[in-house]
Every structure is written in structure tokens, then in C-alpha cells.
Amino acid sequence: MMPIGLGDPIVLLDLKKGRRKNIIVEDKVIKIKGFGVFNPKDFTGKEYGDIVYLSNKPVLLQPPSVVECIRGLKRKAQIILPKDSGLIALYANIGPGSIVVEGGIGSGGLTIVLANFVRPTGKVISYDINEEFFKIAYYNLRVAGLHEYVDMKLKDIKEGIDESNVDAVVLDIPEPWDVIEHARNALKPFGHFVAYVPTIEQARKTYLELKNQGFYNLEIVELLMRNILVKPLGTRPDNKVIGHTGYIIAGRKLRD
Ligand SMILES: C[S@@+](CC[C@H](N)C(=O)[O-])C[C@H]1O[C@@H](n2cnc3c(N)ncnc32)[C@H](O)[C@@H]1O
């Protein structure tokens, strides 16, 4: 195992509370809720798998993995959780080499998953109207080691998609129905459209507009997930279940 050096990514895991945080090792004192004040430079020379003490709590220095990165994201807006982003990537039929247009990068929670699937030869082109999100998302993508597979565009995606012949358009914005015509123009024949919205009214409006624009294989799905706890007295689902996150609306473009 190589020693950790400056510029390396770490997903800190608080071994007592299970809290995670993504950092990049720089010579700069930082303050992170739950982890206290520290200089990541002090981790240089240590190895992944070592335990350090921050605010008197044991913290594991982990190398990034996609799910751990999403759990430790620096975030500003609501992020898409792995249970949903995995299914979104599947419905969008994304694989190595895919060219994907994403609307609404936010903190990059979904972008990390998309970038992981399109590598090593594909690209995610992410639109956002708020420049502040690009900084956060770029940081999160750097920790995940996936930044080179993402291009960021400061543009309202409702005003149009510059790319053409793309494999998939994936949206996490409040009004995805306003982008469907642009998506149809940008997608290659039989390309995939996927949107993610929190309310059923938004899901319905998106579905109906997809139908109106000639998309087929239309589906609205919601995914519920339970974690199973393994305890000395038995194995059972966790009492805490995430009730609702969002609806996934998927459709496919026909030939032009
Ligand atoms: C909920 S966040 C996306 C979260 C992201 N999927 C994640 O997992 O971290 C929605 C993002 O969409 C952006 N947005 C909203 N309307 C937009 C538009 N018309 N064009 C581009 N971006 C837009 C917002 O600025 C915000 O960053």
C-alpha cells in the first residue's frame, strides 16, 4: 500500500457514529461538523486503512468507492441516493463509452454514478444554472477520481441542449417536461430519457409530455429499500426506513 500523499482523496469514516466525509489531502486547516478542526496534511505518510483520532473519535481513512463517496459528499442541494442513481443509470442504459447529458449537477451525487459507468471512453455533460454547484460537484468528483469524465456547462438546459446524437439525457431539475423536446432533438434514435422528481404531479406531467413527444417504453417507478440489521439476537429490517425519495420516469426515443 502506497503512503497517502498531498492531493490524495480520502473518505473519512467515523467508526463510532458511522458519519462520513470526503476530503482531499491539502495543507490547510479545515473544520468539518462531527470531525472537528484538523489539517489533512497530518495524514500524509499514513496508509488507507489506518485509524486516526479526530475530536477524540476513531476515524478510518478509506480510499474512495462510489457508494462511500456519495455518502460522504459535500452537499448543498438534495442529492440522489445510490438506490435511485443505480436504477437511473440502468434505465438510461449507460455503459462504457456512453455520451450522457445531465440536467442539474447539484452536488454531483448522480454525476458520480453516471461518470463511473461511462468511463473510460464516455462523457457526462452536466448543465447547471448555478455556478456555485460546479465547485462543490467538481470537488466531489475529484474525491471520486471521476472528474475527467465530466464536462460542466453553465447553461439553463431549458434553453436547449448543444450536443447531438447522445445516448441518454438524465434530468434532476424541477420542470423536466420543459426539456423533453430538446432531449428528443439531442438523442440518437432509440436513445434514453430519464427524469427524477420528488412529487407524483411532476412525474405525471413528465410522463404525459414524453408520450406527447412520441417517446415509448414509458415507465414511472419508485424504489423502496430496507437495510437489514444483523444483531446478536436476530436479523431483521432496520426500524428506520427512508419513506420516499423520488420518482423515476423513463422513456425511449423512436427513430427520427
Ligand atoms: C436537486 S439538484 C440536483 C442534485 C443532483 N442530482 C445530485 O445528486 O447531487 C437540482 C440542480 O438543478 C439545477 N437546475 C435547476 N433548474 C435548472 C435548469 N433549468 N437548467 C440547468 N440546471 C438547473 C439547480 O441549480 C440544482 O443544482
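Things worth noting here:
- For region 234-244, the condition holds for no residue, the condition being that it is buried (at least 20 other Cβ atoms within 10 Å of the Cβ) and in contact with a helix residue (DSSP H, G or I) (Cβ under 9 Å, 6 or more places away or on another chain).
- Selection of region 39-97 for residues being of a type in the set (Ser, Thr, Tyr), in a helix (DSSP H, G or I) and within 14 Å of the chain's Cα centre (by Cα) yields only SER85.
- Cross-chain or 6+ apart pairs with Cβ under 6 Å, region 162-178 first and of a type in the set (Val, Ile, Thr), then within 7 Å of the ligand (Cβ to nearest atom): ILE173/GLY103; ILE173/GLY104
- The set of residues from region 155-169 being near the ligand (Cβ under 9 Å from one of its atoms) and either of a type in the set (Asp, Glu) or in contact with a helix residue (DSSP H, G or I) (Cβ under 6 Å, 6 or more places away or on another chain) (or both) comprises ASP156, ILE157, LYS158, GLU159.
- Odd one out for TYR53 among (1) crowded, with 16+ Cβ neighbours inside 10 Å; (2) of a type in the set (Ser, Thr, Tyr); (3) out of contact with any Lys or Arg (no Cβ under 9 Å at 6 or more places or on another chain): (1)
- Matching residues in region 1-23 - criterion: being closer than 17 Å to GLY72 by Cα and either of a type in the set (Phe, Trp, Tyr) or loosely packed, with under 15 Cβ neighbours inside 10 Å (or both): LEU15, LYS16, LYS17, GLY18
- The set of residues from region 188-206 being farther than 14 Å from ALA250 by Cα and not β-branched (Val, Ile, Thr) comprises LYS188, PRO189, PRO198, GLU201.
- The C-beta contact set for region 91-105 (first residue within 21 Å of LEU218 (Cβ to Cβ) and outside the structural domain of GLY191 (by TED's automatic domain parsing), second residue part of a loop (DSSP other than H, G, I, E, B) and of a type outside the set (A, V, I, L, M), distance under 6 angstrom, 6+ apart or interchain) is empty.
- Residue check for GLY145: within 30 Å of LEU12 (Cα to Cα), touching a residue at least 60 places away in the same chain (Cβ under 8 Å) and away from the ligand (no atom under 16 Å from the Cβ): yes
- Filter result (small (Gly, Ala, Ser) and within 7 Å of the ligand (Cβ to nearest atom)) within region 106-136: GLY106, SER107, GLY108, GLY109
- Selection count, region 72-105, where residues are near the ligand (Cβ under 8 Å from one of its atoms) and in contact with a strand residue (DSSP E or B) (Cβ under 7 Å, 6 or more places away or on another chain): 6
The values are calculated or read from the model by the stated rules, or taken from the named source; none is laboratory data. Quick caveat, the model's predicted, so the values are computed rather than measured. Cβ: placed from backbone, ideal geometry, glycine included. Neighbour counts: every protein chain shown.
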